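The values are calculated or read from the model by the stated rules, or taken from the named source; none is laboratory data. Since the model is a prediction, treat every value here as computed from it, not as a measurement. When we count neighbours, we look across all protein chains shown, and the Cβ atoms used for this are built from the backbone with ideal geometry, even at glycine.
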Amino acid sequence: MKPEYTVHLTPWEYHVIVEKATDPPGPGGYTNHFAEGTYHCRACGAPLYRSSAKFHSGCGWPAFDQEIPGAVIRKPDFSHGMVRTEILCAQCGGHLGHVFEGEGFTPTNTRHCVNTSSIVFHPADKQAFTLGVPDFHLCQEYASRIEGVLSVECGFAGSGDNTHYGEALRIEYDPHTTSVVTIIAQLQQAFRSTTTREDSWVLFSDSARPEQLPDGVRIASLGRYTRASEEHQWFLRKAGIIRRQE
């Protein structure tokens, strides 16, 4: 699997997705989660399952009766003295779990038994924003650890009036769990706790109100945004400066 698909994973997520371990069964994680949205590969971000395909099987793991067409591949698995069919993300090859047929749970007669550690849920009403930051390598790490943040991408953003252009993050988040203001405040706190460097923050938005934002955040309309090259994504982990978070 390509390094860019694994550098952001925790040690346990890596163990499951790359080394094909299995989450312990139980009601936690996404087992009893039935909100409306889409489940994506935790490694590469590819959409795998729609919430409409999820059902309660009582097996102790998240269960789906069909994948998004073309999103999942199947492979014979003879490990542990059993004959099973492994399911993997079609885009990155990450281990998802196993598929079973003939159990009669739903009309498709198919059960994808998926590890919570292999997937991440994106609500149907997920939101995103672009934030100019003082150091996108460091801030990507901090932002990824904030509860409710779904994905973080390094890039370059410029204001519509050409008064600002620099490093930025594109952040997707679950609005039921967190907010733009909360994310920025926690990101500022984490950044300022580890460095005395001057920091500059620009929220690219046409609707945000200054009085609602943390101190030191300027508002500008977004003129352009470009995703940074792959070498910049999760740079600190690739360089061995920051280890995988537990």
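For region 14-34, a residue qualifies if it is at pLDDT below 95, on the phi < 0 side of the Ramachandran plot and small (Gly, Ala, Ser), and exactly one does: Gly28.
Of all residues being of a type in the set (Asp, Glu), in a loop (DSSP other than H, G, I, E, B) and assigned by TED's automatic domain parsing to the domain that holds Pro134 in region 200-246, which is nearest to Tyr5 (Cα to Cα)? Just the residue, please. Per the stated criteria, the residue is Asp206. In region 212-229, the count of residues that are modelled with pLDDT of 95 or more, under 24 Å from the mean Cα position of the chain (by Cα) and under 14 Å from His8 (Cβ atoms) is zero. Just a yes or no: is a residue in region 147-163 touching a Pro at 6+ places or on another chain (Cβ under 9 Å), surrounded by 13 or more Cβ atoms within 10 Å (Cβ to Cβ) and of a type outside the set (S, T, N, Q)? Yes: one or more hits.
Out of everything in region 92-131 that is among the charged types (D, E, K, R) and touching a strand residue (DSSP E or B) at 6+ places or on another chain (Cβ under 7 Å), what residue ends up being nearest to Val202 (Cα to Cα)? Looking at residues that are among the charged types (D, E, K, R) and touching a strand residue (DSSP E or B) at 6+ places or on another chain (Cβ under 7 Å), I get Lys126. Filtering region 132-153 to residues that are in contact with a Ser or Thr (Cβ under 9 Å, 6 or more places away or on another chain) and either in a strand (DSSP E or B) or under 12 Å from Phe204 (Cβ atoms) (or both) leaves Gly132, Val133, Val149, Ser151, Val152. Just checking, does region 44-61 include any residue being among the aliphatic types (A, V, I, L, M), farther than 14 Å from Cys113 by Cα and modelled with pLDDT of 95 or more? Checked against the condition, which is being among the aliphatic types (A, V, I, L, M), farther than 14 Å from Cys113 by Cα and modelled with pLDDT of 95 or more, region 44-61 yields at least one hit.
Among the residues of region 50-106, what is the count of those that are in a loop (DSSP other than H, G, I, E, B), among the small types (Gly, Ala, Ser) and in contact with a Gly (Cβ under 8 Å, 6 or more places away or on another chain)?
The total comes to 2.
With respect to Val202, is the statement that it is β-branched (Val, Ile, Thr) and in contact (Cβ under 8 Å) with a residue 60 or more places away in the chain true? It is true that Val202 is β-branched (Val, Ile, Thr) and in contact (Cβ under 8 Å) with a residue 60 or more places away in the chain. Of all residues in region 70-126, those that are in contact (Cβ under 8 Å) with a residue 24 or more places away in the chain and surrounded by 15 or more Cβ atoms within 10 Å (Cβ to Cβ) total 31.
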